[in-house]
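Q: So that we are looking at the same thing, I have put the structure below in structure tokens.
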Amino acid sequence: MLRNHFTPYMITLTLFAAISGLLFGYDTGVIAGAILFLKKQFALNTFQLQIVVAIMLLGAAVGALFAGPLTDHFGRRKIIIGAALLFIIGAFTLALAQKLSHLIIGRIIVGLATGMSLIATPLYIAEIAPPKTRGFLVTCNQLFITIGILVAYISNYVFIHIQQGWRYMFGLAFIPALVQAISMLFFPETPRFLVLQHKGNKALKVLKRTRTEKTAQSELTKIQKDTKGRPVKVADLLSDKIKPAFIIAMALHIFQQITGINAIIYYAPTIFQMVGFSQAATAVLASVGIGVINVIMTFVAIYLLDRVGRKPLLDIGLAGMAFSMFAVAVSIYFQKIQGAHILSLIFTMAFVGFFAISMGPIPWLMAPEILPTKLRGKLMAVAACSNWVFNFIISATFLSLVEFFGFVITFSLFGFLSILALLFFHTAAPETKDKLLEDIKIPKLFSKEQ
Ligand code: BGC
């Protein structure tokens, strides 16, 4: 029975594919430390610094759009390899940069790589994983994102004392990228992509390596049945079968960003300083705490997603996120009272913890699950592109929002958006736990049938 759930082969393949998450998390986190050096060395003003930080997100949005047709044409695996090569080029461009334009080009390359790999990897794992462990396996990518962020926070701390330390910080990313590019040469394409390419025999071979004979054969028959028929046309996007799935996938990715996670991930030390942790070192330490909670709670998500299902986690996670954001707002409102800043820290951590069991992993897991095989790459690309665009908008405007409205209103707004998300997904999202991708039915939006 083990063969239908976990095999060492399936786990190895997942871990190497999920290096994409590690690279994204690392490049996200490392910039916070690197800008402290870059500011001095290249005499950058605030605007230029913001460009160096944010341009990666726009690169990712473009990379995601490219990745859609590319994964549908060349396959999921080749795009993971291509993105790993881009990560390597980006790491060297940044590590060797001599002027601002080199930094910007390097960040764009890393962004393109991120956008491409964060489409190809969840698709790859979701399409190859046996249904009962799909939540666990796809979420390894999210786990690696959180580990990447934490490693970056730690490397920021280590390299801060070394001359030209930023060059090592950027350059180090080439090691995991190289490991991924080489290892992926030895892994197969996904059975679903192979069927789309009319390579049924090869697909069966891959299924047999990761399932029992009998399950492999019946799964192949289902995939073949599901992908038969005329090619999908743009007009099909409006059909009752595809439209609700696409809307839910988009909503998952947009709500992931507009509920405020990256206001915290990118600006944690700044926020903590503003609310009363006067020393920079304490503020940085507090943000390492955020990184640790993020990793630990993602392990919890990995454990729970295939056991309790996606929907209960969405409900609990979003309710907790809303509550924590309002609680942060209230504790900041009473900032003058002694100890209130500790409460803001605790509730910020609680927010990250609730995010990590719900809106962190579930958009990356559920979007490829619910989108139809024939259009999975392209539609996933549009959904993920909106993720990067909204990530960009929130990270580029957060400090101004705080300046204009103050912390209390800004955090309450995030809390309110979590409530909206809770209502939407509670009503509209399907449960995908244990189901074969081909058996997942999306109810018409806002109808009760599942
Ligand atoms: C999101 C990122 C976020 C990270 C935090 C990911 O799922 O896409 O924007 O920074 O989670 O763990």
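The values are calculated or read from the model by the stated rules, or taken from the named source; none is laboratory data. Bear in mind that the values here come from a model prediction, so they are computed numbers and not experimental data. As a convention, Cβ positions derive from the backbone with ideal geometry for all residues, glycine included, and neighbour counts pool all protein chains shown. Keep in mind that these areas ignore ligands, DNA and RNA; they rest on the heavy atoms of the full protein, side chains included. Shrake-Rupley method; radii C 1.70, N 1.55, O 1.52, S 1.80 Å.
Q: Tell me which residues, restricted to segment 110-137, are more than 18 Å from the chain's Cα centre (by Cα) and open to solvent by 10 Å² or more (accessible area, probe 1.4 Å).
A: Of everything in segment 110-137, those that are more than 18 Å from the chain's Cα centre (by Cα) and open to solvent by 10 Å² or more (accessible area, probe 1.4 Å) turn out to be 131, 132.
Q: Please tell me if residue 299 is open to solvent by less than 50 Å² (accessible area, probe 1.4 Å), among the aromatic types (Phe, Trp, Tyr) and either within 14 Å of the ligand (Cβ to nearest atom) or at pLDDT 95 or above (or both). First the steps, then the outcome.
A: Values: open to solvent by less than 50 Å² (accessible area, probe 1.4 Å): no; among the aromatic types (Phe, Trp, Tyr): yes; either within 14 Å of the ligand (Cβ to nearest atom) or at pLDDT 95 or above (or both): yes.
Against the criterion (open to solvent by less than 50 Å² (accessible area, probe 1.4 Å), among the aromatic types (Phe, Trp, Tyr) and either within 14 Å of the ligand (Cβ to nearest atom) or at pLDDT 95 or above (or both)), residue 299 does not qualify.
Q: Also, I was wondering about something else. I'd like the residue in segment 262-282 that is β-branched (Val, Ile, Thr) and within 22 Å of the chain's Cα centre (by Cα) and, out of all such residues, is farthest from the ligand (Cβ to nearest atom).
A: Only one residue fits best here, namely 264.
Q: Any idea how many residues of segment 292-315 are among the polar types (S, T, N, Q) and in contact with a Lys or Arg (Cβ under 7 Å, 6 or more places away or on another chain)?
A: The total comes to 0.
Q: Separate question: Take the residues of segment 332-345 that are over 28 Å from residue 424 (Cβ atoms) and among the aliphatic types (A, V, I, L, M): which is nearest to the ligand (Cβ to nearest atom)?
A: Among them, the one singled out is 345.
Q: Go through segment 357-388 and report how many residues are within 18 Å of residue 111 (Cβ to Cβ) and away from the ligand (no atom under 12 Å from the Cβ).
A: Count: 4.
Q: If we scan segment 207-227, do we find a residue that is in contact (Cβ under 8 Å) with a residue 24 or more places away in the chain and part of a loop (DSSP other than H, G, I, E, B)?
A: The answer is yes, given that some residue of segment 207-227 is in contact (Cβ under 8 Å) with a residue 24 or more places away in the chain and part of a loop (DSSP other than H, G, I, E, B).
Q: Checking residue 314 against (1) under 20 Å from residue 24 (Cα atoms); (2) in contact with a His (Cβ under 8 Å, 6 or more places away or on another chain); (3) hydrophobic (A, V, I, L, M, F, W, C), which single condition isn't satisfied?
A: For residue 314, the failing item is (1).
Q: Being more than 22 Å from the chain's Cα centre (by Cα) and open to solvent by less than 10 Å² (accessible area, probe 1.4 Å) is the requirement here; does residue 200 meet it?
A: So residue 200 does not fit the description; no.
Q: Within segment 283-296, how many residues are away from the ligand (no atom under 14 Å from the Cβ) and open to solvent by 60 Å² or more (accessible area, probe 1.4 Å)?
A: 2
Q: Now, a different point. Considering every residue within segment 23-42, establish whether at least one is more than 16 Å from the ligand (Cβ to nearest atom), under 30 Å from residue 250 (Cβ atoms) and either modelled with pLDDT of 90 or more or of a type outside the set (Lys, Arg) (or both).
A: no
Q: In the list 44, 85, 103, which residue meets the criterion of being among the aliphatic types (A, V, I, L, M), in contact (Cβ under 8 Å) with a residue 24 or more places away in the chain and not in a helix (DSSP H, G or I)?
A: Being among the aliphatic types (A, V, I, L, M), in contact (Cβ under 8 Å) with a residue 24 or more places away in the chain and not in a helix (DSSP H, G or I) holds for just one of 44, 85, 103, which is 44.
Okay, residues lined up against (1) charged (D, E, K, R); (2) in contact (Cβ under 8 Å) with a residue 40 or more places away in the chain; (3) within 16 Å of the ligand (Cβ to nearest atom); (4) assigned to a helix (DSSP H, G or I):
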| residue | (1), (2), (3), (4) |
| --- | --- |
| 132 | yes, yes, no, yes |
| 138 | no, yes, yes, yes |
| 145 | no, yes, yes, yes |
| 149 | no, yes, yes, yes |
| 153 | no, yes, yes, yes |
| 158 | no, no, no, yes |
| 161 | no, no, no, no |
| 168 | no, yes, no, yes |
